[in-house]
Amino acid sequence: MAARGRTLCIALLVGLSALGQQPTTSPDDVNSHPSQATRDEGKSSGQLQIGENPSASHPDVDLTAGPDGKLSQEQMQQLFRVVADKDIENDKRQRDYTYIERQVQHNLDSKGKIKSTEVKTYEVLEIYGEQVERLIEKDDKPLNAKEASKEEEKIQKVIEKHKNESEADRRKREEKALKEREDDRKFVREVADAFDFKLLGTEPVAGRPAWIIDAEPHPGYQPHTREGKFLPKFHGRVWIDTSDLQLAKMDVECLDTVSWGLFLARFHKGSRFVLEQTRVNDEVWLPRQLAVKVDVRLALLKDFNVDIEQTFRDYKKFRSSSKIVSVGEVQEPK
């Protein structure tokens, strides 16, 4: 995963850059289109059912429903801007955690049937502020001595690179990271302008109440960032935690062919990304599972039709001045 973002736009970037490495949800979620999901009892068909005065818990956003029991489009945009800002702050806290990532990749034939499966498990480490993946298992079996030695060499190279880094190079690296985070912030906030939102009601996600919101491309939207031009080619549904205003879950589908990257990866209509997060240690939202269903052509040469399922576990908080917090000290909500 390595500093994967959340919110709608960041998850799009995850999917577009993920083809081989990163967050999963259940197969049931992947098999149902966002707009076809049924509503459980207690959902409100667009009416706010969060309490008498939800804005009291979130003074930075006006969530007071109108006479029809609904939020205006302006209020929805305001909500998503707040969610975007909270996501950026959450990303900073996420970098304090190491974890185990298990990836199952099903390679499909032209009829969508599984022709082969690859399973890889990684330990994700924090080294000098950089998240590094170390492969620890293949097909749920430990690496052999040669493979394990190769992974260890990779880690040592990262350590040596940073240990021998000059002050000028360190500043250059930090400035580049700062610029990338600022670009991410601008892009994340652009989601609020790129879509029309519809509040469907509420339902629990991992035992916590969340707003269910559909997002469809806004007609006439003009992108303000380079990456913003991709947003109208997606639609989906998101679940926003009503207490933290953090993204709890999202389900995004590609509406049209999307060409991406220097080597021209083309993601075809119907490619799908489903992300679910969980609150950890009472301070941060981290991926729990990610499902990616992708039909893609790389460099105009080879087609890939794959299902990727990723799960994340054993989050441990890393403190540069002390030790890694034990698993038992990192508590997820009940």
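The values are calculated or read from the model by the stated rules, or taken from the named source; none is laboratory data. Computed from a predicted structure; not experimentally measured. Cβ: placed from backbone, ideal geometry, glycine included. Neighbour counts: every protein chain shown.
General remarks:
- For the stretch 121-147, filtered to residues that are modelled with pLDDT under 95 and over 20 Å from residue 310 (Cα atoms), the residue that is surrounded by the fewest Cβ atoms within 10 Å (Cβ to Cβ) is 129.
- Selected residue (criterion: modelled with the highest pLDDT) from residues of the stretch 270-323 that are surrounded by fewer than 21 Cβ atoms within 10 Å (Cβ to Cβ) and polar (S, T, N, Q): 311
- Tally, over the stretch 64-103, of residues that are under 30 Å from residue 123 (Cα atoms) and in a loop (DSSP other than H, G, I, E, B): 2
- Test: residue in the stretch 135-149 that is within 23 Å of residue 287 (Cα to Cα) and touching an Asp or Glu at 6+ places or on another chain (Cβ under 7 Å): yes
- Residue match in the stretch 175-189 (condition: of a type in the set (A, V, I, L, M, F, W, C) and at pLDDT 90 or above): no
- Residue within the stretch 164-180 that is surrounded by 15 or more Cβ atoms within 10 Å (Cβ to Cβ) and out of contact with any Leu (no Cβ under 8 Å at 6 or more places or on another chain) present: yes
- Taken as a whole, the structure places residue 123 among residues that are closer than 21 Å to residue 314 by Cβ and assigned to a strand (DSSP E or B).
- Taken together, 215, 210, 192 contain a single residue that is assigned to a helix (DSSP H, G or I) and either within 22 Å of the chain's Cα centre (by Cα) or more than 27 Å from residue 275 (Cβ to Cβ) (or both), which is 192.
- Top-ranked residue of the stretch 217-231 - restricted to ones that are in contact with a strand residue (DSSP E or B) (Cβ under 8 Å, 6 or more places away or on another chain) and crowded, with 18+ Cβ neighbours inside 10 Å, ranked as farthest from residue 280 (Cα to Cα): 230
- Listed here are the strands (runs of 3 or more DSSP E) enclosed by the stretch 218-263 that have at least 3 residues being at pLDDT 90 or above: 234-241, 247-254.
- When the stretch 198-235 is filtered for residues that are at positive phi and touching a Phe, Trp or Tyr at 6+ places or on another chain (Cβ under 9 Å), only 201 remains.
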